[in-house]
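The values are calculated or read from the model by the stated rules, or taken from the named source; none is laboratory data. Note that this is a predicted model, so its numbers are computed, not measured. With ideal geometry, Cβ positions are generated from the backbone for all residues, glycine too; neighbour counts draw on all protein chains shown.
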Amino acid sequence: MDFLILFLIYLAICLSCMVVAIKFSRQSQEYFARISHHVIQVIRPVIPQWLQVAVQLALHRLIHRRNSFFLVLHLVLEVVVYGVYSWEVVPYCLELGFRHSILLLPYILLLGKMYFFYLCCTRDPGTISPSNLKQLLKVYTYDGTLYRRDRVCPTCELMKPARSKHCRVCDRCVHRFDHHCVWVNNCVGGLNIRYFLLYLVTLSGMAAAVGTMTVRFLVQVALMSNLSQAMYVNAEGEHVPVGILFIVQKLFLTFPRILFMLGFTLLTFFLLAGYTAFHCYLVMTNQTSNEWYKHKNSCHVDNSWSDKRTWENIYHRGFVANVKEIISPETVQKKIR
Ligand SMILES: [Zn+2]
Ligand SMILES: [Zn+2]
């Protein structure tokens, strides 16, 4: 079972990295900064001074500045997964007579994902500027708890419209701020959240399609080679039918790269599907991640809002209106009309 243990360790490492990355991408930058500060404190005695300075500088740039690190990492992981799929899984599937249209599905989803990814990275999330401030102030009313009238952003020195927030990474106030996403190196706000949702859906679809095709291929191989009928001789010299673990180990030894890719893809799929479902819930209830997070914290820490009033989501206007607001944001022009 050595290979299985190795494989499980690999899955555990992948899962831990993904959870940290998703948590980092969703929550405030201070959360990650606190963790890195503690890590530096622990390793400080064993690493030289120049390396400490270099690590701190690198972390500062990674956390507090817009940078392409996660964007490149994202593309590299995709190249690796699609490389294994294209060069190993697809040729075998063609030999086994799989339909071409099914094998093409992951590539169609990849094209769609690239398009929405590009829009997420490049489209304005709703940057608030002196020229559009007056109009954006009219889009949402102040709820009196999370958002209060007459508050000014100390950095931009502009009045804060309801549901806006200053992004410290991008150094700007964003209309209907959701969160800053390191994977697209951009804020997710009122004007680009529809692209972000479609990006999440197509990305989850990609992981599901590649994972499904790979599982189908492995099942087919196991059936054709009659692995489930195989027997092995145990320590007592008896012939015993092989179990599922033996079949997985046999497949792992025969197709190691495919199994590693499949493990990564399935983990990615479950995390992405959960994250996509969470964002669908936010859309249906007309909340931003920022509002949900503050609301959740207020339940644990009563003094997070000075007047201790319970937050009532006044922006929730029913399922259809909430979805419409995401698809066709209440922009300045519509309000003026
Ligand atoms: Zn600001
Ligand atoms: Zn930002």
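Against the condition modelled with pLDDT of 95 or more, surrounded by 24 or more Cβ atoms within 10 Å (Cβ to Cβ), away from ligand 2 (no atom under 13 Å from the Cβ) and of a type in the set (A, V, I, L, M, F, W, C), how does Leu198 come out, does it pass?
On the way: modelled with pLDDT of 95 or more: yes; surrounded by 24 or more Cβ atoms within 10 Å (Cβ to Cβ): no; away from ligand 2 (no atom under 13 Å from the Cβ): yes; of a type in the set (A, V, I, L, M, F, W, C): yes.
For Leu198, the condition - modelled with pLDDT of 95 or more, surrounded by 24 or more Cβ atoms within 10 Å (Cβ to Cβ), away from ligand 2 (no atom under 13 Å from the Cβ) and of a type in the set (A, V, I, L, M, F, W, C) - is not met.
Please count how many residues of the stretch 246-295 are of a type in the set (Ser, Thr, Tyr) and outside any helix (DSSP H, G or I).
Qualifying residue count, the stretch 246-295: 1.
Name the single residue, out of those in the stretch 87-123 being loosely packed, with under 14 Cβ neighbours inside 10 Å and small (Gly, Ala, Ser), that is nearest to Leu198 (Cα to Cα).
Of everything passing the filter in the stretch 87-123, Ser101 is nearest to Leu198 (Cα to Cα).
State yes or no: is Val139 over 27 Å from Leu62 (Cα atoms), away from ligand 2 (no atom under 16 Å from the Cβ) and outside any loop (DSSP other than H, G, I, E, B)?
no
This table checks each residue for (1) near ligand 1 (Cβ under 10 Å from one of its atoms); (2) assigned to a loop (DSSP other than H, G, I, E, B); (3) at pLDDT below 90.
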| position | (1), (2), (3) |
| --- | --- |
| Pro125 | no, yes, no |
| Ser131 | no, no, no |
| Gly144 | no, yes, yes |
| Pro154 | yes, yes, no |
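Only residues that are closer than 22 Å to Arg168 by Cα and assigned to a loop (DSSP other than H, G, I, E, B): list them for the stretch 48-66, please.
Arg65, Arg66
Is it the case that Ile193 is over 30 Å from Thr214 (Cα atoms), buried (at least 22 other Cβ atoms within 10 Å of the Cβ) and within 15 Å of ligand 1 (Cβ to nearest atom)? Before the answer, list the steps.
Details: over 30 Å from Thr214 (Cα atoms): yes; buried (at least 22 other Cβ atoms within 10 Å of the Cβ): yes; within 15 Å of ligand 1 (Cβ to nearest atom): no.
Here the answer is no, as Ile193 does not meet what is asked.
Could you grab me the full set of residues in the stretch 166-176 that are within 12 Å of ligand 2 (Cβ to nearest atom) and crowded, with 24+ Cβ neighbours inside 10 Å? Before the answer, list the steps.
Here is the first cut: in the stretch 166-176, the residues within 12 Å of ligand 2 (Cβ to nearest atom) are 166-174.
Cys173, Val174 - these are the residues of the stretch 166-176 that are within 12 Å of ligand 2 (Cβ to nearest atom) and crowded, with 24+ Cβ neighbours inside 10 Å.
Do we have Leu200 as more than 16 Å from ligand 1 (Cβ to nearest atom), closer than 19 Å to Thr276 by Cα and not β-branched (Val, Ile, Thr) here?
Yes: the conditions hold for Leu200.
Please enumerate the residues belonging to the stretch 168-182 that are in contact (Cβ under 8 Å) with a residue 60 or more places away in the chain and in a loop (DSSP other than H, G, I, E, B).
Arg168, Val169, Cys170, Arg176, Phe177, Asp178, Val182
It is to be established whether one or more residues within the stretch 170-178 are closer than 26 Å to Tyr281 by Cα and among the aromatic types (Phe, Trp, Tyr).
Yes, the stretch 170-178 has at least one match.
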